[in-house]
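A.B. asks: Shown below is the structure under consideration.
The values are calculated or read from the model by the stated rules, or taken from the named source; none is laboratory data. This structure is a prediction, so every number in the text was calculated from the model and none was measured. When we count neighbours, we look across all protein chains shown, and the Cβ atoms used for this are built from the backbone with ideal geometry, even at glycine.
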Amino acid sequence: MIRRNGKKTWNNIHVTIKQTVEDLIDIDNTNAKGFSLNKYEILNQTSSDINGLIKEAGVKNKRIRAIGSAWALTNIQATDNWLINTKLLNECFEIDDNCFHNDYPQDKRQLLVVAQCGMSIGELNVYLELPRNRDKMPRSLKTAGIGAGQTIVGAVSGNTHGAAVNFGALPEFVVAIQICNGTDQPIWIERSSYPVMNQEFIGKINSKPVRDEDIFNAALVSFGAFGIVTAYAIETEPIYHINFPKIREINQNELGSLLNNPAYYTKLQHLEFVFNPYGNSFYLIEGTRVAYEEGHPFPDPLWIVTNKFGYAPGDRTTKILLNLPLISGKQKSKILFKQYLKNAVLSDVRGSSGQLYTATITYLEGYNETAFAVSILDGLKTIQAIKQAIDEMSLPLVFQARVVHPGNAIFGFTNHFPRAIVFEFGIVNTSKYPGFEELLLNKLREAAIRFTLHWSKNSLVNSTRLEEMYGQLKINAWKKSRWTLFDNDVELMNVFNNVHLEVAGLDSGADLLG
């Protein structure tokens with residue numbers, strides 16, 4: 001069902017983007033006639049409704065984007081025309097035995113699900129770990145970030161990274177993608193080297209099959225530019241536990257020895273370290289995969305419940321503190337780091353992915369965050385660059401860093417070898433924020449450290465910076481894949497353009513054909 005709400009003021013969940021949209025459109029799985037639908041009918045109704053809206057937008061010369069949890073801190077998801085709220089498209093489906101491609105491995109068939117675009121990571125964890133159909137084994141996602149509030153499509157499309165040392169970021173567990181982009185049929189995309197569903201399934205969901213390595217790897221991290229992703233086929237695993245011992249404090253030399261030792265980090269499921277850049281200590285958060293066992297105490301959830309004013313306990317004090325001019329950045333960082341260690345790390349705890357990764361934390365209004373990835377081989381040099389930039393601007397900052405296996409998405413910002421380290425920091429959203437971000441990136445350049453920026457957490461990426469991060473060959477492959485999926489229809493492609501794509505130089509690609 002579609003509900004048109006008309007002109008609305010809209011902001012993302014972290015209130016870093018606030019704007020007026022011409023129409024905020026809600027869409028859900030209910031049917032106006034009131035009868036119950038099976039999974040194929042639900043998927044078909046959703047794709048039909050969304051494709052209809054896309055075609056209408058094209059006729060009326062409107063731009064359209066989908067939002068799920070509105071988790072991104074940048075305007076990567078935004079448009080000033082039509083925003084489609086997909087949050088209530090949150091069903092998950094098992095696959096019938098006769099729907100798999102003959103080449104799809106038999107042992108993975110009970111582990112594959114199709115999740116709708118609006119399903120949150122938290123909802124998906126509940127579905128997998130507490131199966132209502134008891135002939136299904138409990139299952140777990142292969143990786144997850146600390147947050148559980150993002151929708152599955154939002155998390156994958158922006159390359160949410162998690163900290164899976166030996167698996168990769170969230171896009172790596174997606175094996176098929178359904179996209180509506182206003183062409184005649186929804187498109188079902190798989191890798192040519194890894195077919196998943198057969199024609200019977202693809203026909204039941206009225207989709208056009210596309211099996212192509214480049215197109216799949218481009219569509220994985222495409223932040224709404226290829227159309228509206230309506231569903232993913234996701235490979236899961238039998239449920240497991242991750243054991244986190246008590247965090248341990250080490251110095252920089254000890255950290256460097258560990259990061260340069262594959263025999264250390266390849267034994268881990270999760271590797272993270274946090275540090276106050278004004279200090280000399282690093283705190284290791286090390287998670288090891290262990291067998292799932294009943295009877296262990298449930299971990300305390302990582303969440304903050306806000307009151308009617310949008311504040312959680314302690315938020316108001318923290319926000320005031322961060323803006324006090326008489327307290328130095330070093331002093332503010334010390335206070336922030338103490339709170340971070342108390343509330344935001346996994347220590348002396350064991351649980352499943354769904355039990356551990358539960359954060360629905362929203363940043364303070366007026367607060368922002370940046371994340372970037374480098375090779376693990378450049379870990380110590382990056383820390384030095386961070387400290388140099390901090391010394392120059394004396395800002396209150398706490399850094400966290402997570403180690404991730406590289407993946408296959410063309411614009412996967414975690415694709416550094418042999419592992420990526422994702423460094424993240426939060427900062428008050430003033431004029432100093434972009435200034436510090438640029439200063440830090442310049443320090444990385446001076447140290448000859450290749451970096452890539454988190455798509456959902458940084459200032460706009462322009463075309464020069466995009467080429468610096470990915471190179472022209474990858475940019476061309478992504479553009480050509482986008483152009484191909486739109487059947488060379490420039491006007492239809494423009495329906496999904498926004499300022500983010502235009503500044504990055506990703507809003508076209510016709511020059512690559514021929």
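A.B. asks: Identify, please: which residue in the stretch 26-40 is more than 30 Å from K7 (Cα to Cα) and of a type outside the set (A, V, I, L, M) and is, among those, modelled with the lowest pLDDT?
C.D. replies: Checking each candidate, the answer is F35.
A.B. asks: Still on this structure, please answer the following. Given the conditions (1) β-branched (V, I, T); (2) loosely packed, with under 14 Cβ neighbours inside 10 Å; (3) in contact with a Gly (Cβ under 6 Å, 6 or more places away or on another chain), which single one is not true for I421?
C.D. replies: Every condition holds for I421 apart from (2).
A.B. asks: Scan the stretch 444-481 residue by residue and report those that are among the acidic types (D, E) and without any contact (Cβ under 8 Å) to a residue 40 or more places away in the chain.
C.D. replies: Matches in the stretch 444-481: E467, E468.
A.B. asks: How many residues are outside any loop (DSSP other than H, G, I, E, B), within 19 Å of I189 (Cβ to Cβ) and either without any contact (Cβ under 8 Å) to a residue 40 or more places away in the chain or under 21 Å from the mean Cα position of the chain (by Cα) (or both) if we restrict to the stretch 482-511?
C.D. replies: 3
A.B. asks: Need the failing condition index for A57 against (1) more than 24 Å from Q150 (Cβ to Cβ); (2) at pLDDT below 95, just the number.
C.D. replies: (2)
A.B. asks: Applying the selection to the stretch 226-266, what residues are touching a Ser or Thr at 6+ places or on another chain (Cβ under 9 Å) and within 27 Å of N498 (Cβ to Cβ)?
C.D. replies: Hits for the stretch 226-266 are F226, G227, I228, V229, T230, A231.
A.B. asks: So if I check each of A389, A401, which one is farther than 30 Å from F216 by Cβ, outside the structural domain of T74 (by TED's automatic domain parsing) and touching a residue at least 24 places away in the same chain (Cβ under 8 Å)?
C.D. replies: A389
A.B. asks: Does at least one position in the stretch 227-236 carry a residue that is more than 23 Å from G68 (Cβ to Cβ), touching a helix residue (DSSP H, G or I) at 6+ places or on another chain (Cβ under 7 Å) and among the charged types (D, E, K, R)?
C.D. replies: So far as the stretch 227-236 goes, no, none of its residues is more than 23 Å from G68 (Cβ to Cβ), touching a helix residue (DSSP H, G or I) at 6+ places or on another chain (Cβ under 7 Å) and among the charged types (D, E, K, R).
A.B. asks: Which one is nearest to L485 (Cα to Cα) among residues in the stretch 195-247 that are touching a residue at least 24 places away in the same chain (Cβ under 8 Å) and basic (K, R)?
C.D. replies: K208
A.B. asks: Also: What pairs come up if the first residue lies in the stretch 97-110 and is assigned by TED's automatic domain parsing to the domain that holds V175, the second is assigned to a loop (DSSP other than H, G, I, E, B) and of a type in the set (K, R), and their beta carbons are under 8 Å apart, counting only those six or more places apart or on different chains?
C.D. replies: Close Cβ pairs (under 8 Å, with a partner that is assigned to a loop (DSSP other than H, G, I, E, B) and of a type in the set (K, R)) amount to Q110/K136.
A.B. asks: For V428, all conditions in the list (1) surrounded by fewer than 21 Cβ atoms within 10 Å (Cβ to Cβ); (2) among the hydrophobic types (A, V, I, L, M, F, W, C); (3) more than 26 Å from Q384 (Cβ to Cβ) hold save one; what is the number of the exception?
C.D. replies: Among (1) surrounded by fewer than 21 Cβ atoms within 10 Å (Cβ to Cβ); (2) among the hydrophobic types (A, V, I, L, M, F, W, C); (3) more than 26 Å from Q384 (Cβ to Cβ), V428 violates only (3).
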